[in-house]
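Visitor: This is the structure, below, for whatever I ask next.
The values are calculated or read from the model by the stated rules, or taken from the named source; none is laboratory data. Source: prediction; values computed, not measured. Glycine gets a Cβ as well: all are built from the backbone with ideal geometry, and neighbour counts include every protein chain shown. The protein model used for the area step is the full one, side chains on, heavy atoms only, and it has no ligands, DNA or RNA in it. Shrake-Rupley method; radii C 1.70, N 1.55, O 1.52, S 1.80 Å.
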Amino acid sequence: MPDRIYNFSPGPATLPYEVLVQAAKDIVNFNDRGIGLIEMSHRSKEFIGVVDQCEALLRQLLSIPQNYKVLFLQGGASTQFAMVPMNLLGPGKTASYLNTGTWAKKAIKEAKYFGTVDVAYSSEDTNFDRVPSGADYTIPPGAEYLYFVSNNTIFGTQFQSMPETDKVLVCDMSSDILSRPIDVSRFGLIFAGAQKNMGPAGCTVVIIREDLLDRTLENIPTMFRYKTHADKGSMFNTPPCFAIYAMGLVLKWLHAMGGLPVIEKMNQDKGALLYQAIDGSSFYRGHARKDSRSLMNITFNLPTPELEAKFVKEATAQSLDGLKGHRSVGGCRASIYNAFPRAGVEKLVRFMEEFAKNNG
Ligand SMILES: *Cc1c(COP(=O)(O)O)cnc(C)c1O
C-alpha cells in the first residue's frame with residue numbers, strides 16, 4: 001500500500017483501499033475481458049451482472065423485503081428533495097418534516113413547490129445541536145408522510161432510534177446508511193447519495209415500498225417518476241455505471257467484514273474513542289448534545305477560531321486531512337464513516353491530546 005493520508009472528508013469520503021485497487025484494474029480491463037468497465041454498454045450481459053449483484057448485496061445487507069424496489073438514480077441526494085414530494089405529495093396535501101439541519105431545510109424548501117409543508121419540529125434555535133424524540137413533536141392526522149434526516153452530516157447529530165409513526169416514513173439516510181442495521185419495513189422510502197458511506201459520487205440509492213409507486217400525479221415528467229425507474233430496473237436511461245459498480249465493491253467489502261452488526265460495533269468503538277477525547281478535556285467542546293451525537297460526523301470546537309485554524313493546519317501537516325468544520329458550525333468535524341480506519345482515529349486522538357497540552 002502506498003502512503004495514504006487519513007481522509008476525514010465528509011464526502012466524497014474515504015473508501016477501502018482494496019476497493020480502489022480493484023476499481024483501478026477493472027476500469028482498464030474488466031474481469032480480463034479485454035474491455036474497460038467504463039466503456040462497456042450498460043445493456044451488456046457483463047454490466048447487467050454488475051447491477052444485479054450490487055442490488056442483491058444491498059438487499060442482503062439491509063434485509064430489504066420483497067415488496068420494496070431498489071433504484072439506482074442520478075442527480076444526487078439533492079434531487080430527491082424534490083422527487084419525494086413530486087411523487088408523494090400534491091396540491092392540497094400536507095407532509096410533515098423534522099427540521100434538524102441544512103439538508104432537512106433544503107428538502108423543506110423543495111417540498112413547498114408541491115404541497116403544504118408542516119414543520120413538526122425544528123432545532124434551528126440551538127444551531128441544530130439535537131434531534132427530537134417522539135415526545136417533541138406531533139404530526140397532523142392527514143399528513144401524507146413524515147420526512148426526516150437520520151444523520152445530520154454538517155451538525156454531527158444522529159437519530160439514535162428511528163421515529164415511530166403510522167405515517168409513511170421517508171428518510172434521507174445519505175450519511176449513515178449501512179452504518180448500522182435498520183428495519184427497512186418501517187420505512188416507505190429511504191434514499192441516500194452514495195458518496196458518504198457507500199462509494200464514489202454519482203449514484204443515489206432509493207429504496208421504495210411498491211405500493212407508493214402508484215401515487216404519482218399524471219403531470220409529473222417521466223424521468224422524475226419513481227415508477228419509470230422501478231419498471232425498467234434502473235435502466236430506463238443510462239445509469240451511473242461506474243458508481244454502481246464501485247458501490248458493489250464496497251458492499252462486497254462490507255459483507256466480508258461481517259455485515260452491519262459488525263460494522264455497527266466498529267463504528268461505536270471508533271466514535272467512543274473520539275468522544276472520550278472530547279469529553280475528557282476542557283479544551284475541546286462537542287457541538288451536538290450528548291443524546292443526539294453522531295457516530296459518523298463528529299463535530300467539536302476549540303476555545304477560539306484562531307486555535308481552530310491552527311489545529312486544522314497542524315493536523316493536515318501530520319496527514320490528518322479534511323478536519324475543518326462546515327462554515328455553519330465552524331470548528332472541526334471528523335467524518336469517520338464505515339471505511340475510515342480505527343488507526344486514523346487513534347492518531348487523531350493522540351494529536352488532540354498533544355495539541356491541547358501545547359496550546360491549552
Ligand atoms: C451530502 C448530503 C446530501 C446532498 O447530497 P448530494 O448528493 O450532494 O446532493 C443530502 N443529505 C445528506 C444527509 C447529506 O449528507
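Visitor: Run through the DSSP bridge list for the chain and note the antiparallel percent, rounded to the nearest 5.
Guide: Details: 21 of 39 bridges.
In the chain, DSSP labels about 55 percent of beta bridges as antiparallel.
Visitor: Could you tell me which of Asn237, Leu213, Val250 has its Cα farthest along the dipole of the range 17-257 towards the positive end, charges placed at Cβ (Lys, Arg +1; Asp, Glu -1), taken about the Cα centre?
Guide: Most positive-ward Cα: Asn237.
Visitor: Only Cα pairs within less than 10 Å get springs; with that Gaussian network setup on the chain, which residue of Lys252, Lys196, Lys109 has the largest fluctuation?
Guide: With Cα springs under 10 Å in the chain, the top fluctuation among Lys252, Lys196, Lys109 is at Lys109.
Visitor: Would you tally the net charge around Leu189, using a Cβ to Cβ cut-off of less than 15 Å, leaving Leu189 out, and scoring K and R as +1, D and E as -1? Kindly include the intermediate steps, with their values, before the conclusion.
Guide: Working: positive: Lys69, Lys167, Arg186, Arg209, Arg215, Arg225, Lys227; negative: Glu110, Glu144, Asp172, Asp183, Glu210, Asp211, Asp214.
In short, 0.
Visitor: How do Arg327, Arg130, Arg285, Arg215 stack up against each other in accessible area, from largest to smallest, with a 1.4 angstrom probe?
Guide: Working: Arg327 205, Arg130 60, Arg285 135, Arg215 90 Å².
Accessible-area ranking of Arg327, Arg130, Arg285, Arg215, largest first: Arg327, Arg285, Arg215, Arg130.
Visitor: Another one. For the pair Glu353 and Arg186, how long in nm is the line joining their label points, each one 7 Å along Cα→Cβ?
Guide: 3.7 nm
Visitor: Based on DSSP H runs of at least 4 residues, each adding -39500 (n - 2.57), what is the mean residue ellipticity at 222 nm of the chain after dividing by all its residues, to the nearest 500 deg cm²/dmol? Can you show the working numbers first?
Guide: Values: 9 runs with 127 residues, N = 360.
Value at 222 nm, helices only: -11500 deg cm²/dmol.
Visitor: If packing is taken as the mean number of other Cβ atoms within 10 Å per residue, what is the order of 17-23, 238-244, 61-67, highest first? Intermediate values should be presented prior to the final figure.
Guide: On the way: 17-23: 15.6, 238-244: 19.7, 61-67: 14.0.
Ranked by mean Cβ neighbours within 10 Å, highest first: 238-244, 17-23, 61-67.
Visitor: Which value, in Å² rounded to 10, gives the accessible area of Tyr68 with a 1.4 Å probe and all protein chains present?
Guide: We get 10 Å² for Tyr68.
Visitor: Please name which of Leu295, Cys332, Phe311 has its Cα lying farthest along the dipole of the range 265-336 towards the positive end, using unit charges on Cβ (Lys, Arg +1; Asp, Glu -1) and the Cα centre as origin.
Guide: Final value for the positive-end residue is Leu295.
Visitor: Taking the Cα centre as origin and putting +1 on Lys and Arg beta-carbons and -1 on Asp and Glu beta-carbons, what dipole magnitude results for the range 198-270, to the nearest 20 debye? Walk me through the intermediate numbers first.
Guide: On the way: 8 positive and 7 negative charges, 37 e Å.
Magnitude of the dipole: close to 180 debye.
Visitor: Another question, if that's okay. Can you find, among Ile64, Gly90, Val28, the residue farthest towards the positive end of the dipole of the range 6-122? Put +1 on the C-beta of Lys and Arg, -1 on that of Asp and Glu.
Guide: Farthest towards the positive end: Gly90.
Visitor: Can you tell which of Lys270, Lys106, Lys45 shows the greatest fluctuation in a Gaussian network model of the chain with Cα springs below 10 Å?
Guide: Lys45
Visitor: Where in the range 258-284 does the amide nitrogen come within less than 18 Å of the point 7 Å from the Cα of Lys310, taken along Cα to Cβ?
Guide: Counting backbone N atoms under 18 Å from the label point, the list is 282-284.
Visitor: Separate question: How far apart, in nanometres, would the label points at Asn219 and Asp279 be if each is projected 7 angstrom from Cα along the Cα-to-Cβ direction?
Guide: With each label point 7 Å from Cα toward Cβ, the separation is 5.4 nm.
Visitor: Moving to a separate point now. Across all directions of projection, what mean area in square nanometres is found for the Cα convex hull of the chain? Write down the numbers at each step before the final one.
Guide: Numbers: hull surface 73.1 nm².
Projected over every direction and averaged, the Cα hull of the chain covers 18.3 nm².
Visitor: Cα to Cα, under 18 Å, and not fewer than 8 places away if on the same chain: which aspartates and glutamates meet these conditions relative to Lys45?
Guide: Asp26, Asp32, Glu55
Visitor: In 10 Å bins starting at zero, report the fraction of Cα pairs in the range 258-359 per bin as a rounded %.
Guide: With a bin width of 10 Å, the distribution comes to 15, 52, 28, 5, 0.
Visitor: Accessible area of the chain with a 1.4 Å probe: how many percent of it is carbon plus sulfur?
Guide: On the way: 7980 of 15420 Å².
After summing per-atom areas, the C and S share lands at 52 percent.
Visitor: Please give the net charge around Met86, taking every other residue with its beta carbon less than 13 angstrom from that of Met86, where Lys and Arg add +1 and Asp and Glu add -1. Can you show the working numbers first?
Guide: Details: positive: Lys93, Lys112, Arg215, Arg225, Lys227; negative: Glu110, Glu144, Glu218.
Local net charge: +2.
Visitor: On a 27 Å Cα-Cα criterion, which of the cross-link pairs Lys196/Lys313; Lys196/Lys252; Lys105/Lys265 come out too long?
Guide: On the way: Lys196/Lys313 24 Å; Lys196/Lys252 17 Å; Lys105/Lys265 31 Å.
Checking Cα-Cα distances, Lys105/Lys265 exceed 27 Å.
Visitor: Considering only Gly92, Gly199, Gly344, give the residue with the highest GNM mean-square fluctuation for the chain, with springs between Cα atoms whenever their separation is below 10 Å.
Guide: Among Gly92, Gly199, Gly344, the largest GNM mean-square fluctuation belongs to Gly92.
Visitor: Further question: Suppose R0 equals 25 Å. What FRET efficiency, 1/(1 + (r/R0)^6) with r the Cβ-Cβ distance, do Lys25 and Asp211 give to the nearest 0.05? Walk me through the numbers on the way to the answer.
Guide: Working: r = 42 Å, r/R0 = 1.68.
Calculated transfer efficiency: 0.05.
Visitor: Per residue, how much accessible surface does the chain expose to a 1.4 Å probe? Answer in Å², no decimals. Before the final figure, lay out the partial values.
Guide: Numbers: 15420 Å² over 360 residues.
Here the residues of the chain average 43 Å² of exposed surface.
Visitor: Over the range 1-82, what per residue volume does the convex hull of the Cα atoms give, in whole Å³? Don't skip to the answer; put the middle values down first.
Guide: Working: hull volume 13.2 nm³, N = 82.
Measuring per residue, one finds 161 Å³ for the Cα hull of the range 1-82.
Visitor: I would also like to ask the following. Taking the Cβ-Cβ separation of Ser161 and Ile5 as r and a Förster radius of 35 Å, what is the calculated FRET efficiency to the nearest 0.05?
Guide: Values: r = 35 Å, r/R0 = 1.00.
Efficiency at R0 = 35 Å is approximately 0.50.
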